[in-house]
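Note sheet for the following structure.
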Amino acid sequence: MTMWNSRRVKCCAPVLRTASCPAKLAGPIAVRSTRQGGGAKRRGQTGAAGFTLLEVLVAVAIVAIALVAFMGLHWHSLDDTIRAQDLTTAVLLAQGKMATMGEFPETGEAEGKFEGPELERFQWATAVTERTLDAIGTGKPVTVRRLEVTVRWVDGQQLRHYTLEAYGVQ
């Protein structure tokens with residue numbers, strides 16, 4: 001069933017003026033309103049819009065799958081951050097141990113642990129080896145010492161290490 005409304009409609013939008021279309025509207029504008037559904041309501045229908053249970057379950061399943069994927073990414077990100085922090089700590093500890101050894105330390109090997117509650121997982125090992133090389137131009141032998149500092153730590157169930165080496169010439 002179609003109903004016609006003969007009220008005048010006020011327009012708030014600006015009107016474009018062109019040569020072929022005058023800006024002035026003459027007479028009332030008819031507005032057509034139609035009723036959805038094409039007739040009387042059936043008994044039992046309330047007309048309230050909503051979602052079915054199946055639609056809600058599908059939406060919840062999609063959200064759950066997405067959350068599991070994002071939680072996995074977050075877990076890997078945290079794991080990588082902890083590994084990067086451990087590696088940075090190992091590099092700084094190895095540089096500090098190398099600095100305490102001096103420029104030309106005695107040959108030999110040593111091991112130990114770093115002090116402090118946050119460093120109890122880290123251990124160090126040093127090795128200093130010496131080689132004597134013949135100089136080409138002067139004929140005097142040159143003594144070269146290789147300094148090696150290794151820092152080891154346990155990451156979960158894996159043993160990781162970082163090695164820093166330097167050379168001293170005398």
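The values are calculated or read from the model by the stated rules, or taken from the named source; none is laboratory data. Source: prediction; values computed, not measured. Positions of Cβ are backbone-derived with ideal geometry, glycine not excepted, and every protein chain shown enters the neighbour counts.
Every condition in (1) surrounded by 10 or more Cβ atoms within 10 Å (Cβ to Cβ); (2) under 29 Å from the mean Cα position of the chain (by Cα); (3) not polar (S, T, N, Q) holds for residue 133 except the one numbered (2). Residues in segment 99-121 that are under 32 Å from the mean Cα position of the chain (by Cα) and without any contact (Cβ under 8 Å) to a residue 12 or more places away in the chain: 116, 117, 118, 120.
Residues of segment 145-169 that are at pLDDT below 90 and either in contact with a Gly (Cβ under 7 Å, 6 or more places away or on another chain) or surrounded by fewer than 10 Cβ atoms within 10 Å (Cβ to Cβ) (or both): 156, 157. If you go through segment 129-155 and pick out every residue that is under 21 Å from residue 92 (Cβ atoms) and without any contact (Cβ under 8 Å) to a residue 60 or more places away in the chain, you end up with 6.
Against the numbered list (1) closer than 23 Å to residue 150 by Cβ; (2) modelled with pLDDT of 95 or more; (3) hydrophobic (A, V, I, L, M, F, W, C), residue 114 comes up short only at (2). Taken over segment 91-145, the residue count meeting the criterion of being among the small types (Gly, Ala, Ser) and part of a strand (DSSP E or B) is 5. In this structure, residue 54 qualifies as surrounded by fewer than 10 Cβ atoms within 10 Å (Cβ to Cβ) and outside any strand (DSSP E or B).
If I ask for residues that are among the β-branched types (Val, Ile, Thr) and modelled with pLDDT of 95 or more, which ones from segment 69-97 would you list?
81, 88, 89, 91
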